Amino acid sequence: MVIVAGHLLVAPEDREAYLAGCVTVVEQARSAPGCLDFAICADLTDPARINIFERWETQDAVESFRGAGTGEEQNAAIRAAAVSEYEIAEVRALA
């Protein structure tokens, strides 16, 4: 399993528009082969922060979906990013 997690920072006044532009991406990801979960969400306490969480069956599934990544307009809005990819060997359900 692969997890992609982290956050982006955008200007607070641009966050809602950035997220609105991500709706199609989230819908496409969730229907992509190998996607187990995919979320791009506003942070509850930081008006500039957008949280990223993805869970995929395999690295190949991530790469097949990722393609070229974000578009030019989205890239221009990102002031900073801290997103990492994790390969998970074991999973324990908590609930």
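Odds and ends about this structure:
- Full-stretch length increase - residue 11, residue 91 - with 0.36 nm per residue and alpha-carbon distance subtracted: 25.2 nm
- Charged neighbours of residue 33, selected by a Cβ distance under 10 Å, balance to -2 (K, R count +1; D, E count -1).
- Formal net charge of residues neighbouring residue 63 (Cβ-Cβ distance under 14 Å; K, R +1; D, E -1): -4
- Of the peptides 42-50, 1-9, the ranking by mean beta-carbon count within 10 Å, highest at the top, reads 1-9, 42-50.
- Placing a label point 7 Å from the Cα of residue 60 along the Cα-to-Cβ line, the residues of the stretch 29-48 whose backbone N sits under 20 Å from it are 29-37.
- Farthest toward the positive end of the dipole of the chain, out of 36, 94, 61, is the Cα of 94, where the dipole comes from beta carbon charges about the Cα centre.
Only the coordinates and a few stated rules stand behind these numbers; no lab work does. No experiment lies behind these values; they were computed from the predicted model shown. Cβ sites come from the backbone with ideal geometry, for glycine too, and all protein chains shown count toward neighbours.
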